[in-house]
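K.L.:
Input: one structure, supplied below.
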Amino acid sequence: MSGAQQVIRMGGDAARRAAAQALSSYLEHNDPKSFDRRVDAALSIFSQIWPKELTLSSREVSQELVRLAGVSGRRYPEVAQKILRYLSPFDCWSMLEYRLYEGQEIDERFKVISTKESAVALLAVLDKTVGESEDAVIPYDLAEALKHIATIAPNTRGDSRYLRLETLGRRQ
């Protein structure tokens, strides 16, 4: 086991959250020429260093991991797939917390989700992170996100995950 893996494992939620935050900051660096290299490095951390124990998942770490996926831009499907197994429901009041909005204007929302692959990946992420218990916090703009997903990937409308989330969205 590597020293970095041991720190992430033994450091608890605080260490895992800090690691995910550091990776998000690393991806947000402004040099577009090195973006793919930075995403590849982040993905390799999940392949080689991040502890594989699913018992280490938590609400707080999940929240940071979805933000990491959100800042991965066009590589969202890859990053989402890599983190999916570590996600669990967390309290989320808005889709803003997923870092999927690129601009402030309504027509710029969800620009990160622009391909069928990214729409399907977002559906998988939402399914893992939006809880269904009576006291679960449902993002107020979940219906808008689902509409965007269905616009890009119409076949998702019949997916059981989509239907579950759509039902939860009506609970608000």
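The values are calculated or read from the model by the stated rules, or taken from the named source; none is laboratory data. Everything numeric in this text was worked out from a predicted model, so none of it was measured. For neighbour counting, all protein chains shown are included, and Cβ atoms are generated from backbone atoms with ideal geometry for every residue, glycine included. In case anyone asks, the SASA skips ligands and DNA or RNA and just uses the protein heavy atoms, side chains included. Shrake-Rupley method; radii C 1.70, N 1.55, O 1.52, S 1.80 Å.
K.L.:
Which order do peptides 80-86, 8-14, 32-38 fall in by mean Cβ count within 10 Å, highest first?
P.N.:
On the way: 80-86: 19.6, 8-14: 13.7, 32-38: 11.6.
The densest-packed peptide leads the list: 80-86, 8-14, 32-38.
K.L.:
Given an 8 Å cut-off on Cα distances and at least 6 residues of separation, report the relative contact order of the chain as a percent.
P.N.:
18
K.L.:
Hey, another quick one. Carbon-plus-sulfur fraction of the accessible area of region 127-172, 1.4 Å probe, in percent? Let's see the in-between values first.
P.N.:
On the way: 1280 of 2530 Å².
Ligands and nucleic acids excluded, carbon and sulfur give 51 percent.
K.L.:
I would also like to ask the following. Under the rule of -39500 (n - 2.57) per DSSP H run of 4 or more residues, summed and divided by the residues of the chain, what mean residue ellipticity at 222 nm is obtained, to the nearest 500 deg cm²/dmol?
P.N.:
-17000 deg cm²/dmol
K.L.:
Rg and Dmax of the chain, Cα atoms, in Å?
P.N.:
Values for the chain (Cα only, Rg and Dmax): 15.8, 47 Å.
K.L.:
For a Förster distance of 25 Å, can you work out the FRET efficiency between the beta-carbons of SER160 and THR115, rounded to the nearest 0.05? Write out the running numbers ahead of the final one.
P.N.:
On the way: r = 22 Å, r/R0 = 0.88.
Between SER160 and THR115 the formula returns 0.70.
K.L.:
May I ask for the Rg/Rh ratio of region 63-133, computed from Cα atoms with Rh as the Kirkwood radius, given to two decimals? Kindly include the intermediate steps, with their values, before the conclusion.
P.N.:
Values: Rg = 11.3 Å, Rh = 12.1 Å.
Rg/Rh: 0.94.
K.L.:
Ok, one more. Please state the relative contact order of region 88-157 as a whole percent: Cα pairs under 8 Å, 6+ residues apart?
P.N.:
Relative CO of region 88-157 lands at 41 percent.
K.L.:
Provide the three semi-axes, in whole Å and in decreasing order, of the ellipsoid equivalent to region 20-83 as defined by the square roots of 5 times the Cα gyration tensor eigenvalues.
P.N.:
For region 20-83, the ellipsoid semi-axes come out as 20, 12, 10 Å.
K.L.:
Output the 0 to 90 degree angle, nearest 10, between the alpha-carbon long axis of helix 59-70 and the longest principal axis computed from the alpha carbons of the chain.
P.N.:
For 59-70 against the chain, the angle is about 80 degrees.
K.L.:
With every protein chain present, what is the per residue accessible area of region 105-172 (1.4 Å probe, Å²)?
P.N.:
Result: 53 Å² per residue.
K.L.:
Just grab the label-to-label distance for SER94 and SER34, each label 7 Å out from Cα along the Cβ direction, in nm (one decimal).
P.N.:
The two pseudo-label positions are separated by 3.2 nm.
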